[in-house]
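Asks: Next up is a structure, given as structure tokens.
Read-outs: derived from the displayed coordinates by stated rules, not from any lab. The structure presented is a predicted model; accordingly, all values stated were derived computationally and were not measured. Glycine also receives a Cβ, built like all others from the backbone with ideal geometry; neighbour counts cover every protein chain displayed.
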Amino acid sequence: MPAGSVPPALADWVAAVARRTRPDRIHWCDGSDAEYDALLALMEADGTLIRLNPETHPGCWLHRSDPDDVARVEHLTFVCTRERDAAGPNNHWMAPDEAHAKMDALFEGCMRGRTMYVVPYCMGPIDSPLARCGVEITDSPYVVANMRIMTRMGAAALRRIEREGRFVRGLHSLGELDPERRFIMHFPEELSIQSYGSGYGGNALLGKKCHALRIASWQAREEGWLAEHMLIVGIQTPRGDTHYVAAAFPSACGKTNLAMLIPPERYRERGWKVWTVGDDICWMRPSEDGRLWAINPEAGFFGVAPGTSAKSNPNALAMLQRDTLFTNVALTDDGQPWWEGLDDRVPAFDWQGRPYDPANGPAAHPNSRFTVAASRCPSYSPHAEDPQGVPISAIVFGGRRASLVPLVFEARDWTHGVRIGASMASETTAAATGQVGVVRRDPMAMKPFCGYHFGDYFAHWLSFDRPGARLPKVFHVNWFRKDADGRFLWPGFGENMRVLEWIVGRVEGSAGAVESRLGPMPGRGDIDLAGLEDCDFDALMQVDPEAWSKESEEARGFVEGLRPGLWRQMG
Ligand code: GTP
Ligand code: SPV
Ligand code: MN
């Protein structure tokens with residue numbers, strides 16, 4: 001037990017878990033440097049981590065997952081509410097009693113021979129009224145090390161839990177890493193999570209998707225706020241005003257990249273700056289001034305490695321030079337991390353540790369990741385840890401759509417914005433197991449993360465439009481439209497600044513637009529295209545009326561299938 005007092009409810013729960021799981025030892029995490037170093041040493045000794053080249057990458061480590069455990073598993077993820085309808089058709093559901101019986105059996109004796117770590121953590125700045133605490137019990141030191149980077153973990157969180165009494169209980173075990181014995185269960189009515197059989201990212205770092213989205217979205221609905229799969233970025237104009245934008249893109253669809261965007265030189269010369277607040281999750285709450293104020297509940301980035309380069313995301317690359325955990329990337333012959341899109345070197349070993357052979361597929365797993373402290377990001381906002389959060393001026397929805405969907409358009413008002421968010425669809429990516437590249441409905445990028453019925457979720461979004469509210473403007477973007485030869489029509493990455501400039505201009509009332517059936521859109525003269533002579537703007541903005549009608553009909557059918565009458569309420 002740690003020095004100082006532990007709330008009895010926490011002590012009792014830890015004791016009960018230990019009786020069931022039978023660990024050899026219990027370690028209460030304090031979050032100290034010494035503890036982190038000891039964990040790394042332990043994992044180096046048992047092969048869980050490989051030290052990377054200390055000259056080029058000091059403090060950096062590589063972890064190789066079990067090859068069957070490299071992504072979230074949506075088909076094994078359940079929301080266990082008393083009433084099936086509360087979870088909605090958007091979630092897999094299991095009755096709480098049945099889920100508990102199943103999980104109790106799996107956890108029985110599963111920590112024999114292992115250490116059980118008790119990880120108190122805080123999602124959000126430790127002194128923020130918007131922040132929430134949890135405790136994850138896990139038998140994976142890799143999970144502990146990641147939680148230390150991704151959350152405010154240790155003694156300070158424990159003190160807050162002691163003060164508040166309330167915390168989300170997360171129980172995790174690697175089990176046998178057997179996909180047949182793997183479940184991620186959520187009990188929102190009990191504020192608890194149980195995860196067995198995976199050590200990977202969103203399945204195992206329970207503060208992230210399980211707590212900060214699935215459980216938090218449930219709490220947010222009860223308490224009148226929003227827990228969203230969104231980045232938060234500050235756009236500073238040449239006049240010195242900073243507008244905060246929250247953007248929901250599905251997994252592996254560009255949140256980290258947009259959050260860390262470096263404006264093209266022409267913009268920098270004029271005084272534009274971009275500040276990173278968060279890259280994956282946003283908690284926002286209406287404040288007394290009528291605006292939505294947002295915090296990033298995380299303290300680190302668990303980002304997609306492939307595609308990250310000095311050209312696409314120099315901020316990310318800079319922070320990955322030290323004190324970073326890499327998962328499932330490839331290795332060069334001198335022990336440096338490598339992935340597709342980084343540079344033109346040829347790696348020596350692939351993500352499974354085999355000598356690299358292109359016949360085996362990509363060298364780095366397509367869902368390989370880095371874990372790094374947010375404070376290491378060169379563009380980290382000086383307001384990222386403000387307890388009251390930052391005020392949101394614009395909400396952007398976006399998906400990965402090879403055809404049909406134009407570069408950018410604007411919602412006519414909030415209710416229309418909710419309809420646009422609810423109508424989102426996107427091609428699936430390697431962030432979850434299953435087929436890649438299939439268009440599926442992913443409203444507000446929350447398909448895998450909303451902890452309750454989507455019909456109730458959209459109604460909750462609509463409820464923010466009330467007297468006195470000063471709601472953000474809503475937009476939709478698509479960086480991923482392709483030409484007939486399969487090439488991206490839009491250069492993306494830093495050049496997305498041009499679209500952000502238009503969005504900020506619309507917020508300030510200075511940018512022009514043309515009306516369209518989708519909503520206002522930039523005309524040729526409304527968006528800065530200087531230097532993009534090769535870019536076919538008309539092709540990017542073109543909307544096929546018939547195909548669009550079909551798409552809208554599908555979205556309407558989807559929304560009406562959730563709760564009849566809901567579509568009409570959406571502007
Ligand atoms: P999660 O962490 O899974 O939630 O993903 P994310 O939304 O943060 O996605 P991320 O920014 O890591 O980007 C995922 C992939 O999309 C990477 O391979 C990027 O290189 C690529 N990508 C990001 N932005 C752009 C863009 O503007 N254009 C194009 N073509 N690709 C992009
Ligand atoms: C995502 O899949 O949206 C991620 C990675 O951000 S994970 O933490 O695995 O959910
Ligand atoms: Mn994500």
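Asks: In what order do Ser403, Ser198, Ser393 fall by count of nearby beta-carbon atoms within 10 Å, going from fewest to most?
Replies: Ser403, Ser393, Ser198
Asks: I would also like to ask the following. Could you tell me the calculated FRET efficiency between Ala373 and Arg163, based on Cβ-Cβ distance and R0 = 35 angstrom, to the nearest 0.05?
Replies: After rounding, the FRET efficiency stands at 0.90.
Asks: Just name one of Ser516, Met570, Leu500: the one whose Cα is farthest towards the positive end of the charge dipole of the stretch 490-571 (beta-carbon charges, Lys/Arg +1, Asp/Glu -1).
Replies: So the residue furthest toward the plus end is Met570.
Asks: Measuring from label point to label point, each 7 Å out along Cα→Cβ, what is the Met1 to Asp465 span in nm?
Replies: Once both label points are built, they end up 5.4 nm from each other.
Asks: Report, in debye and to the nearest 20, how large the dipole of the stretch 45-164 comes out about its Cα centre when Lys and Arg carry +1 and Asp and Glu carry -1 on their Cβ.
Replies: In total the dipole reaches around 460 debye.
Asks: Name the residue farthest towards the positive end of the dipole of the chain from the options Leu49, Ile232, Ser463, assuming +1 on Cβ of Lys and Arg, -1 on Cβ of Asp and Glu, about the Cα centre.
Replies: Selected residue: Ser463.
Asks: Would you give the gap between the C-alpha center of the stretch 424-471 and the C-alpha center of the stretch 35-61, rounded to a whole Å?
Replies: Cα centroid of the stretch 424-471 versus Cα centroid of the stretch 35-61: 38 Å apart.
Asks: Need one word for the stretch 438-490: rounded, prolate or oblate. Basis is the Cα gyration tensor (sqrt eigenvalues a ≥ b ≥ c); a/c below 1.5 gives rounded, then a/b vs b/c decides.
Replies: Taking the square roots of the gyration eigenvalues as a ≥ b ≥ c, the stretch 438-490 is oblate.
Asks: With a point put 7 Å past each Cα toward its Cβ, work out how far Ala18 is from Arg354 in nm, to one decimal.
Replies: 4.4 nm
Asks: Would you list Phe370, Phe78 from fewest to most Cβ contacts within 10 Å?
Replies: Phe78, Phe370
Asks: Relative contact order of the stretch 447-571: what whole-number percent is it, with Cα pairs under 8 angstrom and at least 6 residues apart?
Replies: Dividing the mean separation by the residue count of the stretch 447-571 yields 22 percent.
Asks: Please arrange His75, His100, His476 by how many other C-beta atoms lie within 10 Å of their C-beta, fewest to most.
Replies: Result, fewest neighbours first: His75, His100, His476.
Asks: Taking the alpha-carbon centroid of each part, what is the distance from the stretch 1-20 to the stretch 337-395 in angstrom?
Replies: 36 Å
Asks: What net charge is computed for the residues neighbouring Trp461, neighbours being all others with C-beta under 11 Å from the C-beta of Trp461, Lys and Arg scored +1, Asp and Glu -1?
Replies: So the surrounding residues net to -1.
Asks: Please list the non-local residues whose amide H lies under 5 Å from the amide H of Tyr380, H modeled 1.01 Å from N, same-chain partners needing a gap of 5 or more.
Replies: Thr276
Asks: Against the longest principal axis of the chain, how steep is helix 8-21, in degrees 0 to 90 to the nearest 10, with axes from Cα atoms?
Replies: Helix 8-21 sits at roughly 70 degrees to that axis.
Asks: Sort 461-472, 202-213 for me by packing, meaning the mean count of neighbouring Cβ atoms within 10 Å per residue, highest on top.
Replies: Top of the packing list down: 202-213, 461-472.
Asks: Antiparallel as a % of all DSSP beta bridges within the chain, to the nearest 5?
Replies: The answer is about 60 percent antiparallel.
Asks: On C-alpha positions alone, give me the angle between the axis of helix 155-164 and the longest principal axis of the chain, in degrees, nearest 10.
Replies: Compared with the principal axis, the helix lies near 80 degrees.
Asks: Sequence-distant or interchain residues sharing an amide H contact under 5 Å with Met123, placed H: which?
Replies: Arg132, Cys133, Gly134
Asks: Next up: Could you order the peptides 510-519, 486-495 from most to least packed, using the average number of other C-beta atoms within 10 Å per residue?
Replies: In decreasing order of mean packing, 510-519, 486-495 become 486-495, 510-519.
Asks: Then there is this: Run the paramagnetic zone check for Ser32: 7 angstrom along Cα to Cβ, then residues of the stretch 97-125 with backbone nitrogen under 12 Å.
Replies: Within reach of a label on Ser32, which here means backbone N under 12 Å from a point 7 Å along Cα→Cβ, the stretch 97-125 contributes nothing.
Asks: Sticking with this structure for a sec: How would you rank 287-295, 33-41, highest first, on the average number of other Cβ atoms within 10 Å across their residues?
Replies: My ranking of the peptides, most packed first, is 287-295, 33-41.
Asks: Could you tell me what percent of the DSSP beta bridges with both partners in the stretch 80-170 are antiparallel, to the nearest 5?
Replies: Roughly 75 percent of the beta bridges in the stretch 80-170 run antiparallel, per DSSP.
Asks: Using +1 at the C-beta of Lys and Arg and -1 at the C-beta of Asp and Glu, which of Leu158, Thr308, Pro250 has the Cα lying farthest in the positive direction of the dipole of the chain?
Replies: Projecting each Cα onto the dipole axis, the largest value belongs to Leu158.
Asks: So, R0 is 30 Å and r is the distance between the beta-carbons of Ser552 and Leu532; what FRET efficiency does that work out to, to 0.05?
Replies: 0.50
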